[in-house]
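Take a look at the structure set out below.
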Amino acid sequence: MFKIDKYPFGIAIGALAPILGIVIYYLLKVDPAVISFPQFLGFFFEQKALLTAVGSLSLIANIILFTLFINSQKDKTAIGIFAMTVMYGLIILYAKFFL
């Protein structure tokens, strides 16, 4: 199933998965007729509680991917995913405390 074992592949999917997680959160929890996705993203970065909660939930996508690739012995890809998870975590912390 998982045949690619390269750092850039892990970085790419590690960068995209949290974005997909935010989109899924938006689709499940927010009424698109009331709040558009760009408005939601504005609220996401303005409200610190929402930033922390949704940001942390979006990283669950990376945790799932990391686990799948580690269990299939695709260590390079898993390291790329882990690196992006740490980067997203640091960005969320920076945005929470300094923006």
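The values are calculated or read from the model by the stated rules, or taken from the named source; none is laboratory data. Quick caveat, the model's predicted, so the values are computed rather than measured. Every residue, glycine as well, gets a Cβ built from its backbone with ideal geometry; the counts of neighbours run over all protein chains shown. These area figures cover heavy atoms from the full protein model, side chains too; ligands, DNA and RNA do not enter into them. Shrake-Rupley method; radii C 1.70, N 1.55, O 1.52, S 1.80 Å.
Of all helices (runs of 4 or more DSSP H) completely enclosed by segment 19-99, which ones contain at least 2 residues that are in contact (Cβ under 8 Å) with a residue 24 or more places away in the chain and of a type in the set (S, T, N, Q)?
By residue number, 48-58, 75-98.
Taking segment 17-37 as the range and being closer than 28 Å to F82 by Cα and of a type outside the set (A, V, I, L, M, F, W, C) as the test, the residues that pass are P18, G21, Y25, Y26, K29. Filtered by the rule that a residue be within 11 Å of the chain's Cα centre (by Cα) and either open to solvent by less than 90 Å² (accessible area, probe 1.4 Å) or within 17 Å of V23 (Cα to Cα) (or both), segment 66-99 gives I81, M84, T85, V86, Y88, G89, I92. Residues that are out of contact with any helix residue (DSSP H, G or I) (no Cβ under 6 Å at 6 or more places or on another chain) and assigned to a helix (DSSP H, G or I) were ranked within segment 1-12; the one that is most open to solvent (accessible area, probe 1.4 Å) is P8.
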